[in-house]
Amino acid sequence: MPASKSTSMIWNGQGPVHIGTYDPVKGRPEMGYLTDIYSVGCGNRTLTATPSRETTSITESCSGQRLTLKEIETSKSLQVQLSMVQFDSRTLAQAFYGAAVEVASGTVTGEQLAELMAGDYFFLKYPRVSSVVIKDSTSGTPIIYTEGTHYAVDDADHGRCRLLAHPTSPAQVEPLKADYSYGGFVNIAAFSKSNVEKGIIFSGINGDGQKVRVVIPRVSLAMNGDFGWISDEASELALSGQALYVPALQGDALFGPFMRIDTMPDLPA
């Protein structure tokens with residue numbers, strides 16, 4: 001049975017949201033030139049698209065009241081916002097202008113430490129550390145610090161350690177150095193990348209089982225508001241931005257230059 005445009009819907013939507021990278025070279029027009037598409041998770045709070053237009057008015061000069069004679073449209077825009085409480089490192093990296101890079105496990109030899117006094121904390125360069133060895137810079141045979149006596153690994157996952165005491169004799173030679181192993185992790189070098197244009201695909205369904213598909217091929221997403229690193233509740237990550245014109249889709253029968261909406265009000269069959 002074909003879908004009918006006269007079938008009504010009450011929209012109380014949910015559904016998965018996917019984000020892709022807008023790439024007019026590697027992407028295909030059939031899917032809005034999006035590549036590297038991934039799901040942002042199922043903890044999405046809101047997805048809004050706010051169209052707006054700007055106009056200017058011409059007033060008439062015959063009545064003596066300067067009534068509006070004509071309204072001329074000067075521009076159209078679309079503001080997009082996505083807020084979520086579940087996300088992965090790629091989406092977090094987008095919010096903080098970085099890239100999510102998977103760092104493999106490895107070992108470090110001779111990582112130099114700042115000068116420390118008893119009771120000082122220090123953090124190693126890499127997280128998820130193990131087999132930590134602290135030594136001084138005595139030439140030939142350095143002094144090896146004893147874990148539990150001279151230092152403690154306070155939190156291995158965060159690479160947080162604490163100096164308990166220096167050996168009494170002989171005196172240590174600065175700087176202290178650390179040898180250790182570390183496990184794999186995902187690194188985000190924040191504010192290291194320019195904002196990468198993304199696209200959003202929403203596969204929506206309402207309480208009656210009716211469905212829509214929304215594609216916004218090109219949008220400059222950036223963090224909207226703050227992100228609570230310390231919070232009693234699940235912290236919300238909100239991204240927003242302007243939809244950007246896609247000239248190659250201007251004449252497409254299914255896409256508009258900003259957005260595509262496919263409704264399936266006849267579902268469920």
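For region 1-94, with all protein chains in place and a probe radius of 1.4 Å, 51% of the accessible heavy-atom surface sits on carbon or sulfur.
Largest first, the residues ILE261, ILE37 sort by 1.4 Å accessible area into ILE261, ILE37. Along region 99-109 the Karplus relation, 6.51 cos²θ - 1.76 cosθ + 1.60 evaluated at θ = phi - 60°, assigns HN-Hα couplings of 10, 7, 10, 7, 9, 6, 5, x, 10, 10, 10 Hz to successive residues, with x for each Gly and Pro.
Dipole magnitude for region 19-174: about 560 debye, using +1 per Lys or Arg Cβ and -1 per Asp or Glu Cβ, origin at the Cα centre.
Any idea what diffusion coefficient region 34-114 gets from Stokes-Einstein, in µm²/s, Kirkwood Rh on alpha carbon pairs, 10 °C, 1.306 mPa s? Each step should come with its number before you reach the end.
Numbers: Rh = 18.7 Å.
Result for D is 85 µm²/s.
Ordering ASN44, VAL133, PRO167 by the projection of their Cα atoms onto the charge dipole of the chain, which places +1 on the Cβ of Lys and Arg and -1 on the Cβ of Asp and Glu, puts ASN44 at the extreme positive end. Using the Cβ-Cβ distance between GLN112 and ALA222 with R0 set to 41 Å, the FRET efficiency works out to roughly 0.65.
Subtract the Cα-Cα distance of LYS5 and SER231 from 0.36 nm times their separation in residues, and report this length gain in nm to one decimal.
76.8 nm
Take each peptide in 193-201, 97-105, 207-215, count the other Cβ atoms within 10 Å of every residue, and average; sorted highest first, the result is 193-201, 207-215, 97-105.
Backbone amide hydrogens, once placed in the peptide plane, bring LEU164 within less than 5 Å of GLY119, TYR151, ALA152, excluding anything fewer than 5 places away on its chain. In a simple Cβ point-charge model (Lys, Arg +1; Asp, Glu -1; nothing else charged), region 109-208 has a dipole of about 200 debye relative to its Cα centre.
Counted over the chain with a bin width of 5 Å, the fraction of Cα pairs per bin, in whole percents, is 1, 5, 9, 11, 11, 10, 9, 8, 7, 7, 6, 5, 4, 3, 2, 2, 1, 1, 0, 0, 0.
Based on C-alpha pairs under 8 angstrom that are at least 6 apart in sequence, the chain has a relative contact order of 23 percent.
Under 5 Å from the amide H of LEU267 lie the amide H atoms of LYS211, each residue being 5 or more positions distant or on a separate chain, with H modelled from the backbone and absent for Pro and chain starts.
Ordered from longest to shortest, the equivalent ellipsoid semi-axes for region 116-197 are 31, 14, 12 Å, each the square root of 5 times a Cα gyration tensor eigenvalue. Look at the dipole of region 1-80 built from charges on Cβ: of SER4, TYR33, GLY15, the Cα furthest out on the positive end belongs to SER4. Placing dummy labels 7 Å off each Cα toward the beta-carbon, the span from ALA99 to ASN187 is 1.3 nm. Residues whose amide H falls under 5 Å from that of VAL17, counting only those 5 or more places apart or on a different chain, are VAL40, GLY41, with hydrogens built in the peptide plane.
The values are calculated or read from the model by the stated rules, or taken from the named source; none is laboratory data. Because the structure is a prediction, the values reported are computed rather than measured. Because the Cβ atoms are built from the backbone with ideal geometry, glycine has one as well, and the counts that use them run over all protein chains shown. Ligands, DNA and RNA are excluded from the accessible area calculation, which covers all protein heavy atoms including side chains. Shrake-Rupley method; radii C 1.70, N 1.55, O 1.52, S 1.80 Å.
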